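I have placed the structure first, in the form of structure tokens, so that the comments after it can refer back to it.
The values are calculated or read from the model by the stated rules, or taken from the named source; none is laboratory data. Since this is a predicted model, take the numbers as computed values, not measurements. Please note: Cβ atoms are built from the backbone with ideal geometry, for glycine as well, and neighbour counts cover all protein chains shown.
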Amino acid sequence: MENLSNEQANLDVLILAAGLGTRMRSNLAKVLHRLDGRPLINHVCRTATALAPRMIYAVIGHQGEDVKAAVLEELDEDHAKFVWQSEQLGTGDAVNSARGFLENQDSTLLILSGDVPMIRAETLAALVQQHHNHRGRGAACTILTVKLDDATGYGRIVRDDGGLFDRIVEQKDATEEERKIKEINSGIYCFNTRKLFATLKNVQNNNSQGEYYLTDVPSLLREAGEDIAIYHHNDSFEIEGINNRVQLADMERVLCRRVIKKLMLDYGVTFIDPKNTYISERANIGRDTVIYPNVTIEGETNIGDGCVIRPGTRITNSNIGHGVEILDNCLIIDSEIANECTVGPMAHLRGKAKMEEKSKVGNFVELKKTILGRGSKASHLTYLGDATIGEKTNIGAGTITCNYDGKNKHATTIGNNVKIGSDTMLVAPVKVGDGASTGAGSVVTKDIEPNKLVVGAPARVLKDLSEEDKSSSQSS
Ligand code: UD1
Ligand code: MG
């Protein structure tokens, strides 16, 4: 942007997030309710960050400490300041709580609502630009508006006979005639910071809710001869506010549908039943992967090309390679699965479990903080926790790593080409050397040397397999 004044060059953001959100009928503050797995406020913070403002201020009150923690998941402490609003007396009062920080700043203040989560950074950038360019000198206030078929609940934009901004009227204060107006206030605005705080002093609470409305500021500025601009936007989804759980569920559905459509059209992913599949906006899925009904993919999850994910599986914050087959009803959290692995049905991976290439985990197998080496298999009814397993090893049905002694967790290390017999208990800490083997039902309490076959409970050495190999090769 060319020839910006100080006021225009300095962009600060203020996010309103102190309200309880009465209409949610919840014990949880509204901005902490989750959309696409993240608190509403986190969506707004992430978008605000994309504009690279000087500072992001958040007005907090209800469950303020929790809201603060949520904000700090997205912003670093140098770029966030928190303003406490002790009593929730309205959006005007909320902004006024930041007076001490802001009233003497030469800056543009972009005000966002913690409960309007889908707004895009591109839209905000265009709003700020129009605010600065208005009539070649910039406006005192620019309001982001949109037209809605059903505007119920929103503040309406009243325009004068010449079509210019007159005032904002809240749903509860509007006449029958005013309620027919389809153009609504998004609750997102740009202000000249000094002018905003000078005018905010004159806002009264003589309205049906007895609140100090931020929405009264634009008309007061207009009456004082200042320019009020309107930035009219076309995508109403972006400015939808969440005030109740129906709106939250609707938004979740629309968002998910958009994500799936994009994955189908732009990324070549097949969905057998898109309406009954739940995919996070933050997930990446590769070409020719097929996703069956009732699959949920959450958080920062990456899935490669040519995978098949059967019904009932949930995958959260995990990385899946190419050509992976995940059978029905698996739960995969914080884990990694390399190319061409097979998982499930009914498998559970968690706590940074890692399957290396072409390994297999079968039904009723749980992996916790365990590495299963390349080409190794655990096909049935097994718990592997805190274990490192080498390549081409077979873990027999019913194997348990006994990793917990009641106080501490201990590691199990299993080498390459090992055969663990069915129902083996590996009492950790314990190591099993390369090429070793355990008989069915063994209880292993001591390390096993490479190439030894152990049996019994507790297991003792029966013979040396490498000696046997030698004698069998001699006899043949
Ligand atoms: C507000 C606008 C309305 C607009 C709508 C868009 C006002 C008076 N009305 O109405 O014109 O169409 O947003 O979504 O501004 N908050 C505080 N402290 C308070 C009150 C609210 O921090 O004392 C916060 C809330 O946590 C919320 C935001 O401000 O994040 C908006 O408050 P809300 O009560 O949802 O206002 P709306 O009725 O939606
Ligand atoms: Mg609202």
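Residue-level check: of (1) closer than 30 Å to residue 192 by Cα; (2) more than 16 Å from ligand 2 (Cβ to nearest atom), residue 34 misses just (1). Candidates in segment 8-54 are the residues that are in contact with a helix residue (DSSP H, G or I) (Cβ under 7 Å, 6 or more places away or on another chain), closer than 29 Å to residue 140 by Cβ and in a loop (DSSP other than H, G, I, E, B); of these, the one that is modelled with the lowest pLDDT is 19.
Which residue out of 267, 189, 231 is within 16 Å of ligand 2 (Cβ to nearest atom), among the aromatic types (Phe, Trp, Tyr) and on the phi < 0 side of the Ramachandran plot?
Only one candidate qualifies: 189.
Out of everything in segment 76-90 that is among the hydrophobic types (A, V, I, L, M, F, W, C) and more than 16 Å from ligand 2 (Cβ to nearest atom), what residue ends up being surrounded by the fewest Cβ atoms within 10 Å (Cβ to Cβ)? Filtering segment 76-90 for residues that are among the hydrophobic types (A, V, I, L, M, F, W, C) and more than 16 Å from ligand 2 (Cβ to nearest atom), the one surrounded by the fewest Cβ atoms within 10 Å (Cβ to Cβ) comes out as 84.
Table: residues versus (1) closer than 23 Å to residue 351 by Cα; (2) among the charged types (D, E, K, R).
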residue	(1), (2)
383	yes, no
387	yes, no
395	yes, no
404	yes, no
423	no, yes
447	no, yes
457	no, no
467	no, yes
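The single condition among (1) within 13 Å of ligand 1 (Cβ to nearest atom); (2) surrounded by fewer than 22 Cβ atoms within 10 Å (Cβ to Cβ); (3) farther than 20 Å from residue 95 by Cβ that residue 211 does not meet is (3). If the condition is being under 18 Å from residue 35 (Cα atoms) and of a type in the set (A, V, I, L, M), then segment 282-306 contributes 283, 295, 297. The set of residues in segment 405-425 that are touching a residue at least 40 places away in the same chain (Cβ under 8 Å) and either within 20 Å of residue 368 (Cβ to Cβ) or buried (at least 19 other Cβ atoms within 10 Å of the Cβ) (or both) is empty.
Quick one: would you say residue 246 is surrounded by 18 or more Cβ atoms within 10 Å (Cβ to Cβ) and either not hydroxyl-bearing (Ser, Thr, Tyr) or not assigned by TED's automatic domain parsing to the domain that holds residue 117 (or both)? Judged against the criteria, residue 246 is not a match.
Whether any residue in segment 432-449 is modelled with pLDDT of 95 or more, polar (S, T, N, Q) and surrounded by fewer than 18 Cβ atoms within 10 Å (Cβ to Cβ) is what I want to check. Within segment 432-449, one or more residues are modelled with pLDDT of 95 or more, polar (S, T, N, Q) and surrounded by fewer than 18 Cβ atoms within 10 Å (Cβ to Cβ).
Looking at 115, 106, 93, 150, which is the one that is of a type outside the set (Val, Ile, Thr), surrounded by fewer than 20 Cβ atoms within 10 Å (Cβ to Cβ) and touching a residue at least 40 places away in the same chain (Cβ under 8 Å)? Spell out how you get there, then give the answer.
Numbers: 115 fails: surrounded by fewer than 20 Cβ atoms within 10 Å (Cβ to Cβ); 93 fails: surrounded by fewer than 20 Cβ atoms within 10 Å (Cβ to Cβ); 150 fails: touching a residue at least 40 places away in the same chain (Cβ under 8 Å).
The unique qualifying residue is 106.
Rundown of residues vs (1) of a type outside the set (Ser, Thr, Tyr); (2) in a loop (DSSP other than H, G, I, E, B); (3) out of contact with any helix residue (DSSP H, G or I) (no Cβ under 9 Å at 6 or more places or on another chain), yes/no style:
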{"position": "378", "(1), (2), (3)": "yes, no, yes"}
{"position": "391", "(1), (2), (3)": "yes, yes, yes"}
{"position": "416", "(1), (2), (3)": "yes, yes, yes"}
{"position": "422", "(1), (2), (3)": "no, yes, yes"}
{"position": "440", "(1), (2), (3)": "yes, yes, yes"}
{"position": "450", "(1), (2), (3)": "yes, yes, no"}
{"position": "453", "(1), (2), (3)": "yes, no, no"}
{"position": "461", "(1), (2), (3)": "yes, no, yes"}
{"position": "468", "(1), (2), (3)": "yes, no, yes"}
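Within the span defined as segment 218-230, one or more residues are free of Cβ contacts under 8 Å to residues at least 40 places away in the same chain, of a type in the set (A, V, I, L, M) and more than 29 Å from residue 24 (Cα to Cα).
Residues in segment 326-346 that are within 24 Å of the chain's Cα centre (by Cα) and either among the aliphatic types (A, V, I, L, M) or at pLDDT below 95 (or both): 326, 331, 332, 333, 337, 338.
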